[in-house]
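Read the structure below first, then the notes.
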Amino acid sequence: DIWVLERLNGKMVSTADFIDEVPNLEINSSTNNFLGFAGCNRMNGTIFFERGLLRFTNIITTRMACPRNNKESEFLKALQNTITYKVENMKLMLSNPSGEKLVFKKVD
């Protein structure tokens, strides 16, 4: 499935928060991998999931220089801190005990 970021730490995002494109995520549950765009760099890694739990691990990104106002590091931190997920109304919501971190919209 391909998901495009809508909310980051409770706030709506736009292309102005990143470089021409908001982060997106493609999750392959059969291989326990993910890949996508983090807001400035491409990323990939592994996932661990079971009922209600989801962890993004071994996250690797390319190393392009990003503008200072780019929220890629905030996005990656939120992704790494995710421990629970919920899918509802074509949206993927990722959270941890301190609250909702990321909301993605399904696009494929």
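The values are calculated or read from the model by the stated rules, or taken from the named source; none is laboratory data. All figures in this text were calculated on a predicted structure; none of them were measured in a lab. No Cβ is skipped: glycine too gets one built from the backbone with ideal geometry, and neighbour counts run over all protein chains shown. These accessible areas exclude ligands, DNA and RNA; they are computed on the full protein's heavy atoms, side chains included. Shrake-Rupley method; radii C 1.70, N 1.55, O 1.52, S 1.80 Å.
When segment 52-77 is examined, which residues are found to be under 15 Å from the mean Cα position of the chain (by Cα) and at positive phi? Hit for segment 52-77 is 58, nothing else.
Confirm whether residue 77 is more than 21 Å from residue 107 (Cα to Cα) and surrounded by 15 or more Cβ atoms within 10 Å (Cβ to Cβ). Write out each step before concluding.
Values: more than 21 Å from residue 107 (Cα to Cα): yes; surrounded by 15 or more Cβ atoms within 10 Å (Cβ to Cβ): no.
No, not satisfied.
Counting only residues that are of a type in the set (Ser, Thr, Tyr) and open to solvent by 40 Å² or more (accessible area, probe 1.4 Å), which one in segment 85-108 is modelled with the highest pLDDT?
Taking segment 85-108 and keeping what is of a type in the set (Ser, Thr, Tyr), we get 85, 95, 98.
Next, from what is left, pick out any that are open to solvent by 40 Å² or more (accessible area, probe 1.4 Å): 85, 98.
Numbers: 85: 94, 98: 89.
The qualifying residue modelled with the highest pLDDT is 85.
Consider segment 58-81 and keep the residues that are hydrophobic (A, V, I, L, M, F, W, C) and in a strand (DSSP E or B). The one that is nearest to residue 93 (Cα to Cα) is 59.
Within the bounds of segment 39-57, is there any residue that is free of Cβ contacts under 8 Å to residues at least 60 places away in the same chain, among the basic types (Lys, Arg) and in contact with a strand residue (DSSP E or B) (Cβ under 9 Å, 6 or more places away or on another chain)? Write out each step before concluding.
Narrowing segment 39-57 to residues free of Cβ contacts under 8 Å to residues at least 60 places away in the same chain: 39-57.
Filter once more, keeping what is among the basic types (Lys, Arg): 42, 51, 55.
From the residues that got through so far, the ones that are in contact with a strand residue (DSSP E or B) (Cβ under 9 Å, 6 or more places away or on another chain) too are 42, 55.
Within segment 39-57, one or more residues are free of Cβ contacts under 8 Å to residues at least 60 places away in the same chain, among the basic types (Lys, Arg) and in contact with a strand residue (DSSP E or B) (Cβ under 9 Å, 6 or more places away or on another chain).
For segment 10-57, the tally of residues that are surrounded by 14 or more Cβ atoms within 10 Å (Cβ to Cβ) and part of a loop (DSSP other than H, G, I, E, B) stands at 9.
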